[in-house]
Amino acid sequence: MAVSIPKPALPSEFLVDNRVYTDPSVFELEQERLFLRVWNFVCHASEVREPGDFITTTVAGQPIVVCRTKSGEVRAFFNTCRHRAAQVVREERGHAAAFTCFYHLWTYDLEGTLTGVPEANTYETSYCPGGIDKAATSLVRIRAESMHGLVFVCFDERMPGLAEFLGDAFAAELALPLGAADVRVARDWANELHANWKMEPENSRDGYHATLLHTRLRGVSPPRPFRVYPNGHAVQLLGLDYHAGKNAGTLDGILAEQPDLVARFMADPLPGMTLEEPSRIITIFPDVLIAIRYSTLLIVKQIPVSAGETWFETRYAYLAGDSAEQVDIRRKHWRMYWAEDGGNLPEDWAAWEAQQKGARSIGVRYSLLSRGEVADEGMRGDDNRVRSFWAQWRTYMGTSENAPPAENA
């Protein structure tokens, strides 16, 4: 039986065809047209601080390794051996003088150059008189650039550089506190989300839900202005007052009963943070969230796995001179606000997975993005930051609507 699906009488940019969350073909096109072209955040420079430090990750389905070379440069390579395509570096992170593929022990230095081939003479044959050309058989390098310690990679050589992708004005927003030389970042928590990757960047740009889903924020996070930047990036300023609401059972209520803990949270602001502008939500297109709350900073990175599965990583910031106690209190600060039971993440997580299930409905085709007048600046609550995300999504996907590309090209 056919189901009649009326389309709301709204401009197309105010609607999202829910199939973009569930259709595997849309996911594959996103990998090809978006993630293989855009600048993708992979780590903070402090995670590969010393020559030989490395991390491995996946971007657009591609295995990559990021390392610091002996000259101090941060480089990225496809994590694939040039011999039989085995993954060269299998550890998640670590330190190495060189990378050796465990399969046949081909070895590459930190610059990616092939330096060792066991029984290399056997490759000298009538059809290959010189044997293995090591210079031509190095690890394949990927563009890697940094801004304020944030390391990005881009697979598309035709794309403009990272500075142009971010833009001067938006890059300046990242400078506090990330531009400080003594900021360090550590990975803290990771898990698999049973929802489409677009749920999180939509949510992080959606101020409407902030005090409706997260009731604890009604007292501690008064709205401040937001600004939408070119290329899909945005910043939302937030207030911070742990004593404003004192609602029993909410974060501000809990903290109001723990003045010593509040004092510790507020004792060591991150560089550049003040009580006038203590908090902000920074969203980097397509899917990076940086949440700053006076003395703590959170970075959320995603690895899309399929249309309905996303690997979700979090990182937190501290300062090089922090004591172990100071590092612990910065981590505790963001976890109480965001991650632990009663924090934002469990509620957001439930909403994303409920949204993913509901988006499969054949009786409800469209979601709405029609809250508020169109503007680049305003107060928290309208859909402008979300609409900005979708406008950039359409640009990369080559579509005129927020819908499967084949149907609206």
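The numbers here are math on the coordinates, done by the rules we state, and not lab data. Keep in mind that what you see is a predicted model, and the values were worked out from it rather than measured. Cβ coordinates were reconstructed from backbone atoms using ideal geometry, including for glycine residues, and neighbour counts include every protein chain displayed.
Using all pairs of distinct alpha-carbon atoms, the Kirkwood hydrodynamic radius of segment 269-375 works out to 16.4 angstrom.
Pairs of Lys residues in the chain, spaced 8 or more positions apart or belonging to different chains, with C-alpha separations under 21 angstrom: 6 in total.
With the helix formula -39500 (n - 2.57) applied to DSSP H stretches of n ≥ 4, the chain reaches a computed 222 nm mean residue ellipticity of -6500 deg cm²/dmol.
Estimated at 0.36 nm per residue, the fully extended path between Ser126 and Tyr103 surpasses their Cα-Cα distance by 5.7 nm. Segment 33-68 and segment 137-156 have Cα centres lying 7 Å from one another. Between the listed residues Tyr337, Tyr127, Asn18, the Cα displaced farthest toward the positive end of the dipole of the chain, a dipole computed from Cβ unit charges relative to the Cα centre, is found at Asn18.
The alpha carbon centroids of segment 277-303 and segment 351-409 are separated by 21 Å.
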